[in-house]
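Working notes, beginning with the structure itself.
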Amino acid sequence: MLWTLLVTFFKIGLVSFGGGYAILSVIEREALSQQWMTSVDFAQAVTLAGMAPGPIATNSAVLIGYKVAGIPGAGAATIGMILPSFIIIIALAVFFFKVGRERLLQMIFYGLKPMVAALIVYAAYRVGVNGQPLLGINGHTLAVVLIFIFAMIGTMKYHLHPLVVLSVSALMGIAFFM
């Protein structure tokens, strides 16, 4: 099982372009296909991973690895997740500092940014609805949307500290879902 965790998260790490939130849908697909957890479990794990310091993808790997195989599983998943990034960033650093600010490289980055944004929006959608598609407006959907709107306005317009947004969102969750 440890080898499966290591290899699975190594493969995920190889395609983790755009940061942790952008790759959450890939992590979810693997966790579900391996039957390591349900969609609801995954959404809860991502919520917990987002509250902890550090990259959310790595934190998610730790939580999934721990659920599957305890502390050794958490270690295997974490190593698998970060090893590709380590190797790739070393190669990119060598390339970037040799090539510098070539126009082609800048155009590639401009092309990748919208793709990364789309992956992040998709991951937010999946986590926000606990892996369930929105089939209509109901109390749960409305509560999720209100918490989302508060979090967006609080961070973007009022520049609230993330811990304030996190705390108020948690209280809103208690109020809405109690």
| message | Could you tell me how many of the residues in the stretch 97-125 are within 14 Å of Val26 (Cα to Cα) and hydrophobic (A, V, I, L, M, F, W, C)? | response | 7
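Quick check: is even one residue across the stretch 95-105 under 20 Å from the mean Cα position of the chain (by Cα) and modelled with pLDDT under 85?
Taking the stretch 95-105 first, the residues under 20 Å from the mean Cα position of the chain (by Cα) are none.
So far as the stretch 95-105 goes, no, none of its residues is under 20 Å from the mean Cα position of the chain (by Cα) and modelled with pLDDT under 85.
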| query | What about Phe148, is it outside any loop (DSSP other than H, G, I, E, B), under 20 Å from the mean Cα position of the chain (by Cα) and of a type in the set (Phe, Trp, Tyr)? | reply | yes
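The values are calculated or read from the model by the stated rules, or taken from the named source; none is laboratory data. What you see is a predicted model, and the numbers here were worked out from it, not measured in a lab.
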